[in-house]
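Coordinate-derived values only; no laboratory data. Just so it is clear, the structure is predicted and the values come from calculations on it, not from any experiment. Cβ coordinates were reconstructed from backbone atoms using ideal geometry, including for glycine residues, and neighbour counts include every protein chain displayed.
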Amino acid sequence: MNLSDERLAKLNATSRDEIIANSQLAEAEELVLEEAESGLAMIKRALTSYAESNYDVGHIKNVATTLTTIRGGMILLNRSRSAAVLHSCSRFIEESLLKSEQPAAVRHMLENFADAIISLEYYIDSLRQDRNTDDSVLQVAEESLAALGYPVN
């Protein structure tokens with residue numbers, strides 16, 4: 001190619017800007033995934049405390065908000081399937097756990113819900129390793145939520 005020094009400098013500057021932008025985007029994606037992992041870990045601790053306290057809802061009052069925050073991150077990353085799973089999880093917390101007064105039923109529901117949370121955790125960990133992770137990992141979460149009466153739409 002017969003490029004002038006000025007044109008070559010402009011192309012190099014454009015390439016450099018693209019590399020920087022891509023690097024910053026990758027860093028932002030990593031932060032979103034780290035926050036999602038932290039949020040899921042907090043949710044697991046909250047659910048454990050909830051079960052150990054004989055189902056005191058004070059332990060899970062913030063879980064739906066945390067799920068909504070994680071869902072927002074998945075929407076930003078264009079992960080609509082995981083965002084839909086998180087929405088169903090949030091609905092389950094708000095409509096079932098926060099309003100249920102039957103410990104025997106709650107215990108069974110928590111086991112299914114824990115499967116959904118663990119599936120999400122595995123999915124996010126897989127995304128951190130490889131951004132091209134297949135969403136089929138979320139099938140366990142979808143099945144668990146459907147068993148709870150909160151199918152993923």
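Please report Rg over Rh for the stretch 32-93, where both radii come from the alpha carbon positions and Rh follows the Kirkwood definition.
Numbers: Rg = 11.9 Å, Rh = 11.8 Å.
When Rh is taken as the Kirkwood radius, the ratio is 1.01.
May I ask for log10 I(q)/I(0) of the stretch 21-153 at q = 0.10, 0.22 Å⁻¹, from a Debye sum over the Cα atoms as equal point scatterers with solvent left out?
Ignoring solvent entirely, the Cα scatterers give -0.31, -1.32.
Using a Förster distance of 30 Å, how high is the FRET efficiency between Asp134 and Glu95, based on the Cβ-Cβ distance and rounded to 0.05? Walk me through the numbers on the way to the answer.
Working: r = 30 Å, r/R0 = 1.00.
That gives a FRET efficiency of 0.50.
About the Cα centre of the chain, what is the dipole size in debye to 20, counting +1 per Lys and Arg Cβ and -1 per Asp and Glu Cβ, all else neutral? Could the numbers behind the result be given before it?
Working: 14 positive and 24 negative charges, 62 e Å.
Result for the chain is approximately 300 debye, rounded to the nearest 20.
Mind ranking 48-58, 77-87 by how tightly packed they are, going by the mean number of other C-beta atoms within 10 angstrom, highest first?
Numbers: 48-58: 13.5, 77-87: 19.7.
Packing order, densest peptide first, comes out as 77-87, 48-58.
Below 8 Å, C-alpha to C-alpha, sequence gap of six or more: please give me the relative contact order for the chain in percent.
For the chain, the relative contact order is 22 percent.
Mean Kyte-Doolittle of at least 0.5 plus a Cα span of 15 Å or more along the axis: flag which DSSP H helices in the chain meet both, please. Could the numbers behind the result be given before it?
Details: long enough: 5-52 (70 Å, -0.30); 63-76 (20 Å, 1.17); 80-92 (18 Å, 0.12); 103-129 (38 Å, 0.07).
The answer, listed by residue number, is 63-76.
Under 21 Å Cα to Cα from Lys61, which lysines show up? Leave out anything in the same chain fewer than 8 places away.
Excluding near neighbours in sequence, the set is Lys44, Lys99.
With unit charges on the beta carbons (Lys and Arg positive, Asp and Glu negative) and the dipole taken about the Cα centre of the stretch 43-106, which residue among Met74, Val63, Ser49 sits farthest to the positive side?
Toward the positive end, the furthest listed residue is Met74.
For Asp125, project a label point 7 Å along Cα to C-beta. Then give me every residue of the stretch 27-42 with its amide nitrogen under 17 Å of that point.
The answer is 33-42.
What is the distance in Å between the Cα centres of the stretch 62-76 and the stretch 80-94?
Taking the Cα centre of the stretch 80-94 as reference, the centre of the stretch 62-76 is 9 Å away.
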